[in-house]
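The values are calculated or read from the model by the stated rules, or taken from the named source; none is laboratory data. Values in this document were obtained by computation on a predicted structure and should not be read as measured data. Using ideal geometry, Cβ is built from the backbone for each residue, glycine included, and neighbour counts are taken over all protein chains shown. Heads up: the accessible areas ignore ligands, DNA and RNA and are worked out on the full protein's heavy atoms, side chains in. Shrake-Rupley method; radii C 1.70, N 1.55, O 1.52, S 1.80 Å.
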Amino acid sequence: MDYLKIQGDTSLEGSITIAGAKNAALPLIAMTLLAKNSVTINNIPDVVDIKTLLKLLHNLGATFTMDDNSVKINTTDVTHTMATYDIVKTMRASILVLGPLLTRFGHCEVSLPGGCAIGQRPIDLHLKALEQMGASITIYGGYIRAEAPNGLKGAHILFDKITVTGTANIVMAAALAHGKTVITNAAREPEVVQLCEVLRESGVGIEGIGTSELVVFGTDRRLIEIEPFSVIPDRIEAGTYLCAAAITRSPLTLKNIRTDHLEAVCGKLSEMGFKIQRDTTTISITPTETIKAVDIVTQEYPAFPTDMQAQFLALATQADGTSTIEERLFENRFMHISELQRLGAEIKLNGHIATIKGPTKLFGADVMATDLRASSALVLAAMAAEGETNVHRIYHLDRGYEKLEQKLQSLGAEIERLRE
Ligand code: EPZ
């Protein structure tokens with residue numbers, strides 16, 4: 001397995017270009033199952049999760065060609081409707097093929113995604129909504145068997161909890177359904193917004209985009225024509241690099257981003273004393289003499305994103321005073337704390353609230369990545385630590401960060417990928 005060797009006391013400078021958003025690209029790739037034409041998607045990030053979903057579509061009978069950060073996908077010859085365990089177990093977001101397969105073919109079998117490190121992550125809300133749309137669903141042998149032989153019918157869905165992939169799944173299911181679907185308590189994340197925008201531009205009637213109430217007018221199972229489009233920039237990758245600059249007290253400029261997707265993250269960095277300058281597609285951060293302690297609660301968009309919690313927890317170890325971070329979305333998303341403590345961080349966890357004392361001098365050590373965002377937090381802390389740190393099990397990192405060590409090297413970090 002690969003690991004990253006990082007020399008601490010890093011100073012960064014310069015600028016980098018942010019890649020397309022993994023969490024936008026995944027539903028948009030699943031959406032191609034609704035198309036009658038070959039779909040070209042630009043600004044696709046070069047990360048493992050994308051390769052996994054493309055492999056899944058290929059196994060169903062789709063064909064695709066990759067060219068740099070563009071992919072052209074043709075699902076017109078898809079004949080299989082079974083998403084098998086071997087793939088789904090490696091990436092939970094495979095569940096995003098459930099809605100499109102069911103609404104197009106009237107039946108499908110999708111392996112139940114196991115839990116994952118950060119929590120049990122059920123999909124009960126996805127299934128309940130599809131049943132409300134007329135599907136009959138049975139769970140057998142670790143698989144979801146869904147049937148809707150005459151297609152799905154529009155319904156009024158009220159999500160008990162805001163679910164990002166749940167909303168995406170039901171929007172795609174509703175796109176080819178018979179009649180109107182209303183989704184109340186829908187997710188408003190930018191990744192869901194882009195999925196709705198592309199569907200609307202492809203002829204699916206959708207109202208309320210960006211709000212918590214979506215109305216989708218189905219096409220009665222007529223496939224749609226999807227014109228080429230580009231994936232929105234990755235707001236979490238952008239936030240991660242802003243934290244890299246912040247924790248190493250370096251200036252940094254990020255290009256090709258949607259600054260309107262980073263309001264909560266930039267707000268917290270400003271609260272901590274960093275100077276943030278932005279226009280619509282670039283952000284620059286300037287270091288501050290004293291990093292102020294901060295209080296953070298993770299919530300659904302547009303509030304502070306759970307996917308930035310680990311990175312800010314690492315940053316808080318360098319803040320002057322006591323910070324608190326409350327994780328409200330996932331039940332086990334603090335595994336990075338024990339690894340940060342190995343570097344010398346002073347953190348206490350009480351239920352879902354972490355209390356971080358700072359500033360604490362961090363010292364290099366061997367640490368282990370446990371999930372995607374936790375691994376990025378360890379890289380940030382390693383750059384601020386004195387001495388050498390090895391971050392192990394970075395396959396977690398490769399799932400969602402494109403060329404991370406190359407981008408950091410280009411900014412001056414001493415970081416290299418080695419093999420155990
Ligand atoms: C998406 O996961 C993201 N993944 C996650 O990013 C992100 O952390 C999460 O949304 C929250 O923003 C992708 O988009 C591929 P949820 P998702 O359904 O859709 C509960 C990353 O680091 N819930 O919004 O799986 C669930 O347990 C990843 O890139 C149910 O109870 O998250 C959680 O507590 C990690 N039943 C809450 O809702 C359901 O049927 C939010 O989950 C569905 C969800």
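In a solvent-free Debye calculation with one equal scatterer on each Cα, what is log10 I(q)/I(0) for the range 289-420 at q = 0.15, 0.16 Å⁻¹, listed in the order of the q values? Those come out to -0.69, -0.79, one per q.
May I ask for the angle, rounded to the nearest 10°, between helix 372-384 and the longest principal axis of the chain, with both axes built from Cα atoms and the value confined to 0 to 90°? The angle comes out at about 20 degrees. For GluC sites (Glu not before Pro), the sites in the range 160-256 that DSSP calls loop and that have at most 14 other Cβ atoms within 10 Å are Glu225. Helix 22-31 and the long axis of the chain differ in direction by around 10°, with both axes built from C-alpha atoms.
Taking all C-alpha pairs of the range 203-279, those more than 17 Å from each other amount to 60 percent. Ligands, DNA and RNA left out, the accessible area of the chain computed with a 1.4 Å probe is 49% carbon and sulfur. Short to long, the 5 Å bins of the Cα pair-distance histogram for the range 328-392 hold 4, 19, 30, 25, 15, 7, 1 percent of all pairs.
Its Cα gyration tensor gives the chain an equivalent ellipsoid, and the semi-axes of that ellipsoid, as √(5λ) in whole Å with the largest first, are 38, 21, 20. Sorting the segments 168-175, 303-310 by their residues' average number of neighbouring beta-carbon atoms within 10 angstrom, most packed first, yields 168-175, 303-310.
Expressed in units of 2.2 N^0.38 Å, where N is the residue count, the Cα radius of gyration of the range 9-60 is 1.52.
Legend: distances between Cα atoms for Lys268/Lys407; Lys255/Lys403; Lys128/Lys153; pairs beyond 18 Å are Lys268/Lys407.
For Lys292, list the aspartates and glutamates whose Cα falls under 17 Å from its own Cα; do not include residues on the same chain fewer than 8 positions away. Correct list for Lys292: Glu271, Asp320, Glu346. Pairs of Lys residues in the range 1-108 that lie 8 or more places apart, or on two chains, and have C-alpha atoms under 15 angstrom apart add up to 6. Note on Ser270: accessible area is roughly 60 Å² with a 1.4 Å probe, heavy atoms of protein only. Dividing the helix sum by the residues of the chain, where each DSSP H run of 4 or more adds -39500 (n - 2.57), gives a mean residue ellipticity at 222 nm of -8500 deg cm²/dmol.
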